[in-house]
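Take a look at the structure set out below.
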Amino acid sequence: MSRNTFGHVFRFTTWGESHGPALGAVVDGCPPGLTLTEAVIQPWLDARRPGQSRFTTQRQEPDAVRILSGTFEGRTTGTPISLIIDNVDQRSKDYSDVARAYRPGHADYAYDAKYGFRDYRGGGRSSARETAARVAAGAVARLVIPEVAIIAYVSAIGGDAIDPARFDVAEIERNPFFCPDADAAARWEAQIDAARLAGSSLGAVVECVASGVPPGWGAPLYAKLDAELALAMMGINAVKGVEIGDGFAAAANSGEANADPMRPGTDGKPVFTANHAGGIAGGISTGQPVVVRVAFKPTSSILTAQPTITRDGEATELFTKGRHDPCVGIRGVPVVAAMMAAVLADHKLLHRAQCG
């Protein structure tokens, strides 16, 4: 059975294909009375929208969202919210070669092996185009958690990382890479240009920080907040790794180096002097910023010929024509932020249901 629905109380189901007439999401479990119009959702979609610089796919999609249900007079009613985004710039002819052979590193073969056939036009559901629907759903989720501030940014491209000492939040919106380090952004411009001109692509790491998450969200075992965040991020197309807090670096630490020491606060709550755990302990939020890092692989659709096989099992080589992101992680930034919002909204409602 295929699963296209995410969440427990705050749930959304995405639908549609990369080259179909439209795609969208149905959001259920959203509390009533929240202010919601297309204008609330659109800025988040604009951040993910393709064709805004030479560093992303040149597919020209306005990604204009329409709300079909679930609101009345600009407020949510508590009923399912149906969101639709029309596809207006498909070029299916670019995928004629992909119809006969599998792109190495892509989901082409895996989909064919599972279903017995596949939508080769842009990859169908395996295309990053599907993430537009997640961003729309994430915009609704943000309304449920007004106490939380979420920022996301690219922290590395092609193994070249930002300098934490040069971190500037305002810089994130000043360059096409969502990069908080102006020097790194300048380096990445040259690196991505070189990869694009060589017919190749680069991977990236996206970091997301949610501040204002109160202590207590999550669960001890089978709905750990960090486990649900990992599930959400790994479900994004092209993601191959997720870290919470220090992540894999924690394995190289000693117990005392990895601890998050606490001191008494003036309000009776602890003051933490470190955040190696990324704001989550035992699957439950601690009140510290929740920190997630997400690794995006290089785009599999590239202009460099790669050895592969046809659907009939014959050896061949394939390069992918068409319009593709030279670094898909760049437009992954608003997607990661949207999935963070969806998980936190879900766990806020779960916590309220159990603990009041």
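Quick notes
- Amide H within-cut-off set for Gln306, under 5 Å, with H built and near neighbours excluded: Leu318, Phe319
- Alpha-carbon centroids, the stretch 186-256 and the stretch 112-133: separation in whole Å: 23 Å
- Cα-Cα separations in the stretch 267-342 greater than 16 Å, expressed as whole percent: 69 percent
- Isotropic mean projected area of the C-alpha convex hull, the stretch 185-335 (nm²): 13.3 nm²
- For the chain, the relative contact order comes to 23 percent (Cα pairs under 8 Å, sequence separation of at least 6).
- Percent carbon-and-sulfur accessible area, the chain, ignoring ligands, DNA and RNA, probe 1.4 Å: 57 percent
- Evaluated at q = 0.10, 0.13, 0.15 Å⁻¹: base-10 log I(q)/I(0), Debye formula over Cα of the chain: -0.64, -1.07, -1.36
- Proximal charge balance of Glu171 [Cβ under 15 Å; K/R count +1, D/E count -1]: -4
- In terms of its Cα atoms, the stretch 127-257 spans 48, 41, 28 Å along the principal axes, sorted from long to short.
- Mean residue ellipticity (222 nm) of the chain, computed from DSSP H runs ≥ 4 via -39,500 (n - 2.57), nearest 500: -8000 deg cm²/dmol
- Residue among Met233, Met340, Met262 with the largest mean-square fluctuation in a Gaussian network model of the chain, springs linking Cα atoms under 10 Å: Met262
- Per residue, the accessible area of the chain comes to 45 Å², computed with a 1.4 Å probe over protein heavy atoms only.
- Sorted largest first, the spans of the alpha carbon positions of the stretch 183-236 along the three principal axes are 48, 24, 10 Å.
- Degrees between helix 131-144 axis and first principal axis of the chain (Cα, 0 to 90, nearest 10): 20 degrees
The values are calculated or read from the model by the stated rules, or taken from the named source; none is laboratory data. The structure displayed is predicted, hence computed values, not measured ones. Note: ideal-geometry Cβ built from the backbone for every residue, glycine included; neighbour counts use all protein chains shown. Surface accessibility is based on the protein's heavy atoms, side chains included, excluding ligands, DNA and RNA. Shrake-Rupley method; radii C 1.70, N 1.55, O 1.52, S 1.80 Å.
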